Amino acid sequence: MTEQQTPGIRYKKLILTIFIGAACGLALAVVLHTNPLADWETERLKKICACVLLGLAVFVFAAFYDRWMVLPVELFHSRRLITRLAINDFKKRYAGSYMGVVWALLQPVVTVMMYWFVFDRIFKARSEMAAGGMDIPYVLFLTAGLVPWFYFQEALMNGTTALLEYNYLVKKVLFKISILPLIKILAATVIHVFFAGVCLVVAALYGYYPTVYTLQIFYYGFCEFFLVLAISYTTCAVVVFFRDLLQIISIVLQLGTWATPILWNIGMLDDRYKWIIKLNPMTYIVEGYRMSIYGEGWFWQHFYSSTYFWIFAVSVFLFGSLVFKRSKIHFADVL
């Protein structure tokens, strides 16, 4: 029995060592990071808060390691099944239609053309006001913000309803239902990849060709994928018992369209209120997509925003995994 447990203990020590090492390295980077343009007192407060949060994260992760690692291990062992089911889920959406998956690829193109016609031809003056005096064409500014937002909307709703849609699989004893939200989110990712490609084409038409900074779109895409997956594990578990959550999410997403700088430029806000908008993790992603498509900057230059985002996203994922694990024994009875 001891010999069988040895590999598990060895992996646990390795993962904890990597996690603690990464946290210590990040804490050191926080301490050494300087921004000559920022207020010294504000910088010191940010550094103290970041180091405290990192220390708390290490303690909590080590204390609840055995509970939190169940979900990532299940997903890793089921990676091949997840890929097959995600492809089937994407194809199933358009099964029976004459054009099939062409409808999925056509929607982003029609969306971009509609915004181009409305904001670049009809309301050009008003769109420039909403952009806050930027030199970037408003239709490009808007499309770069809509690409990650549409993905977030679709992936979150699909991930939330995963257990309801696949309720016949939930009732199977041997099936690992933890992969279902991931399957739905991966299916939504296919359309997002094409939509992002359309956005790059629009940027090129306006003279903003891909550069080395464009590679960051993969980083921000992964950030959004991880964030929506983290949230979905909580929402998909709760919605089984509380169906009204779907309507609540729809309302929150409508409000989020305006609470996130998608239609407007965050530079228009007073500095006293910017931090409130930046608490929204989608602000980090939307601004990151824009920086990747037509900006000239790296994500690590926004050090505190990146640190906050990952602390928030990982915390949500750990919380969601606990909620999902404790609730799944009741799913079959309710569904």
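What follows draws every value from the coordinates through simple rules; no lab data is involved. Just so we're clear, the structure is a prediction, and the values are computed from it rather than from any experiment. FYI the Cβ positions are ideal-geometry reconstructions off the backbone, even for glycines, and counts take in every protein chain you see.
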Quiz prompt | Placed amide H near residue 208: partners under 5 Å, 5+ positions off or other chain | solution = none
Self-check item: J(HN,Hα) series, the range 79-87, from Karplus relation 6.51 cos²θ - 1.76 cosθ + 1.60, nearest Hz, glycine and proline x
Solution: 4, 6, 5, 4, 4, 5, 5, 5, 5
Quiz item: How do the peptides 237-244, 269-276, 194-201 rank, highest first, by the average count of neighbouring beta carbon atoms within 10 Å per residue?
Solution: 194-201, 237-244, 269-276
Quiz prompt | Radius of gyration, Dmax [the range 72-334; alpha carbons; angstrom] | solution = 19.3, 60
Self-check item: the range 154-236: equivalent-ellipsoid semi-axes (sqrt of 5 x gyration tensor eigenvalues, Cα, Å)
Solution: 33, 12, 9
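Place a +1 charge on the Cβ of each Lys and Arg in the range 165-251 and a -1 charge on the Cβ of each Asp and Glu, then give the dipole magnitude about the Cα centre in debye, rounded to the nearest 20. It would help to have the intermediate numbers written out before the result.
Values: 5 positive and 3 negative charges, 72 e Å.
In debye, rounded to 20, the range 165-251 gives about 340.
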Quiz item: Cα to Cα, under 18 Å, and not fewer than 8 places away if on the same chain: which lysines meet these conditions relative to residue 46?
Solution: 274, 278
Quiz item: Got a sec to turn the phi values of the range 284-291 into Karplus ³J(HN,Hα) couplings, 6.51 cos²θ - 1.76 cosθ + 1.60 with θ = phi - 60°, whole Hz, x for Gly and Pro?
Solution: 4, 6, 4, 5, x, 4, 5, 5
Quiz prompt | Gain in span if fully extended, residue 60 to residue 102, counting 0.36 nm per residue against the direct Cα distance | solution = 10.5 nm
Quiz item: With no solvent and one point per C-alpha, what does the Debye sum give as log10 I(q)/I(0) for the range 196-335 at q = 0.12, 0.17, 0.18 Å⁻¹?
Solution: -0.61, -1.04, -1.12
Self-check item: Which of 312, 179, 109, positive extreme of dipole for the range 72-334 (C-beta unit charges)
Solution: 179
Quiz prompt | Order by protection proxy (mean Cβ within 10 Å, highest first), peptides 312-323, 283-294, 77-88 | solution = 283-294, 312-323, 77-88
Practice problem: Could you go through the range 242-248 in sequence order and give the Karplus-derived ³J(HN,Hα) for each residue, using 6.51 cos²θ - 1.76 cosθ + 1.60 with θ = phi - 60°, rounded to whole Hz, and x for Gly and Pro? | Solution: 9, 5, 5, 4, 4, 5, 5
Practice problem: Give, rounded to the nearest 20 debye, the magnitude of the charge dipole that the range 259-323 has about its Cα centre when Lys and Arg contribute +1 at Cβ and Asp and Glu contribute -1 at Cβ. | Solution: 100
